[in-house]
Amino acid sequence: MRCPACNYHESKVVDSRSSDDGCSIRRRRECLECGARFTTYERREEAPLLIEKKNGSVEPFDRNKLLHGLFTATAKRNIPVESLNSLIDNVENDARSKHRNEISSKELGNMVLVRLRDLDKVAYIRFASVYKDFKDLDEFTSELEDMN
């Protein structure tokens with residue numbers, strides 16, 4: 001594993017533990033060259049999960065793209081990255097178990113929203129406002145009222 005600080009190719013594992021859902025292993029590493037510490041996640045390799053977009057095109061699931069969307073939704077909400085990674089792991093595992101290797105973007109978005117609603121209601125509204133593409137204030141207000 002290359003060091004993100006100096007790009008040296010050797011590191012040692014300082015700490016290793018299973019994630020909360022048991023689907024990945026979190027490893028803390030230390031670079032043998034510069035001493036920088038960094039975290040890696042190890043997951044089993046599987047066939048790619050495919051996402052069917054609204055326009056009918058299909059693309060591979062990109063957890064970094066989803067993580068970026070969750071970072072935007074949770075900005076200034078003090079939610080740990082580990083919680084977001086766990087949310088993505090749960091969504092991906094659920095999608096694989098229910099839909100084999102292909103799922104619509106709508107279903108994927110709904111799975112994220114269900115978990116995000118439990119995690120943080122403000123982040124839920126932020127994510128929903130982009131994902132659901134509200135047409136007017138009435139639709140947005142209706143979503144807020146449904147939360148109560």
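Tabulated data
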item: Positions within segment 11-34 being assigned to a loop (DSSP other than H, G, I, E, B) and modelled with pLDDT of 95 or more, in sequence order; result: 32, 33, 34
item: Candidates 102, 82 - the one that is acidic (Asp, Glu) and at pLDDT 90 or above; result: 82
item: Residue 87 out of contact with any Phe, Trp or Tyr (no Cβ under 7 Å at 6 or more places or on another chain), without any contact (Cβ under 8 Å) to a residue 60 or more places away in the chain and farther than 30 Å from residue 4 by Cβ; result: no
item: Filter pass, residue 98 being farther than 30 Å from residue 12 by Cβ, out of contact with any Cys (no Cβ under 9 Å at 6 or more places or on another chain) and either of a type in the set (Val, Ile, Thr) or in a helix (DSSP H, G or I) (or both); result: yes
item: Selected residue [loosely packed, with under 14 Cβ neighbours inside 10 Å, under 23 Å from residue 43 (Cβ atoms) and β-branched (Val, Ile, Thr)] from 91, 130, 81; result: 81
item: Selection from segment 15-25 of residues that are surrounded by 12 or more Cβ atoms within 10 Å (Cβ to Cβ) and free of Cβ contacts under 8 Å to residues at least 24 places away in the same chain; result: 16, 25
item: Count of segment 35-55 residues which are surrounded by 14 or more Cβ atoms within 10 Å (Cβ to Cβ) and outside any strand (DSSP E or B); result: 2
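The values are calculated or read from the model by the stated rules, or taken from the named source; none is laboratory data. Note that the structure is a prediction, hence the values are computed from the model and not measured. Every residue, glycine among them, receives a Cβ derived from its backbone with ideal geometry; neighbour counts consider all protein chains shown.
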